Amino acid sequence: MRRAAAVTGVFLVCCTAACTLRRQAAPLSPHCRGGNPLAGVYHPSRLNVKSRCRVVNGTVRKVVFEQYDGDVHVDLRPDPGFESLLGDGNDRVGGNLIVELIPQDRARVDVPTAGARIQVVGPWVEDSQHGWNEIHPAWWVSAGAIEPATDAELRAAQRLLQLDASDSR
């Protein structure tokens, strides 16, 4: 009985030691954020998080400022090696990866211009409503200009987030 207890005790100590020695993987980018990766996103239930933080390089094909939710939509043609981030639905948007900047981040995340080669960091998600993959929200864009959301855009986004919160209750 004592031998079994001793063996069990040694086993538990070894398991505990092994668990504490487990190394944390370094984040893909210093721009990855902790917490809820969809914080501040309107209607987040439509987004399936495939990876909390991804880095993608590519060329901007189009930039659109959305009036409805204040997001900036960027159509990004991924560089070779990043095509795996695309899904079948991305064919409907010219084979581009959709990148969305939310109004709350526009004071610190650059808005790129069409034709620019950029690197983007943010959660990689599948938009179940549209059927394509996105980086949403973009937490960092390597080139462009800071274009803070207007007060009207921020109010509209806040109103949508409040409606979304009340709908989920």
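Each reported figure results from applying straightforward, stated rules to the coordinates on display, with no laboratory input. Bear in mind that the values here come from a model prediction, so they are computed numbers and not experimental data. When we count neighbours, we look across all protein chains shown, and the Cβ atoms used for this are built from the backbone with ideal geometry, even at glycine.
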Amide H contacts of SER51 (H built 1.01 Å from N, under 5 Å, at least 5 apart or other chain): TRP124
Backbone HN-Hα couplings from phi across region 40-55 [Karplus 6.51/-1.76/1.60, Hz, Gly and Pro as x]: x, 8, 6, 6, x, 5, 7, 9, 9, 6, 8, 7, 4, 7, 10, 10
ASN57/THR150 FRET efficiency (R0 41 Å; Cβ-Cβ; nearest 0.05): 0.85
For ASP79, residues with placed amide H under 5 Å, excluding near neighbours: ASN57, GLY58, THR59
Calculated from backbone phi, Karplus (6.51, -1.76, 1.60) coupling profile of region 130-146 in Hz, x at Gly/Pro: 9, x, 10, 9, 9, 9, 8, x, 6, 8, 7, 10, 6, 8, x, 9, 6
Under the Karplus curve 6.51 cos²θ - 1.76 cosθ + 1.60, θ = phi - 60°, whole-Hz ³J(HN,Hα) for region 151-161, x wherever Gly or Pro sits: 4, 5, 5, 5, 5, 4, 5, 4, 4, 5, 5
Potential extension, LYS50-ARG159 segment - 0.36 nm per residue separation minus Cα distance: 36.5 nm
√(5λ) per eigenvalue of the Cα gyration tensor, region 44-167, largest first, Å: 22, 18, 12
